[in-house]
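Below is one structure, written out as structure tokens, with a few remarks after it.
Each reported figure results from applying straightforward, stated rules to the coordinates on display, with no laboratory input. This structure is a prediction, so every number in the text was calculated from the model and none was measured. Virtual Cβ from ideal backbone geometry, glycine too; neighbours counted across all protein chains shown.
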Amino acid sequence: MDKILKKAIKGDKDAFIKVMQSMEKKIYIIAKAKLSNEEDIKDVIQETIYKSYKNIKDLKDTSKFENWIISILINNCNQVYRNKKNIIHIEYNENEVDNLETNSEYIKSEENIDFFRFLELLDEIEKEIFILFYSNDYTTKQISEILNINENTIKTKLKRARQKIKEYIERWDRYGT
């Protein structure tokens with residue numbers, strides 16, 4: 001992958017496409033966690049790809065590529081979020097899930113639908129951290145770099161997010177709500 005990335009940095013369009021295809025699932029999952037509207041998600045992904053392509057020549061350290069892309073994506077999601085000036089909740093719509101073309105195998109599985117439902121319990125920063133940690137397997141150190149937040153803060157927010165979800169599950173098991 002490093003060879004392809006170096007070609008992309010040098011301006012090879014095909015290499016850039018391959019690199020972005022390798023990130024497609026991660027990018028979609030993060031955007032879906034941040035935004036509920038499929039059109040907004042598509043727009044944010046398109047904007048992320050455009051900005052990445054336009055600025056990839058400035059990337060000096062190929063090992064930072066994923067963090068760089070995710071940072072661009074999160075900034076774009078946050079911009080959409082700010083522009084709407086209201087809270088966006090992830091909504092589960094069975095028809096929408098059945099008709100998804102992108103990442104449909106991932107989204108359709110029952111445990112992943114539950115994953116998106118659990119995200120509704122979290123505030124925006126917890127949601128970002130949770131999705132980066134559990135869906136994309138980033139370390140707390142990597143998340144700290146992506147979000148520009150102290151690693152200990154990341155660990156604390158991740159712990160709180162897990163606690164919220166655990167309490168919800170326990171309440172559901174006890175009372176069915």
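Numbers for the structure displayed
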read-out: Separation in nanometres of the label points that stand 7 Å from Cα toward Cβ, at K7 and K159; value: 4.6 nm
read-out: Neighbour net charge for Q142 - beta-carbon separation under 15 angstrom, K R +1, D E -1; value: -1
read-out: In nm, spacing of pseudo-spin labels at R174 and N148 (7 Å Cα→C-beta vector); value: 4.2 nm
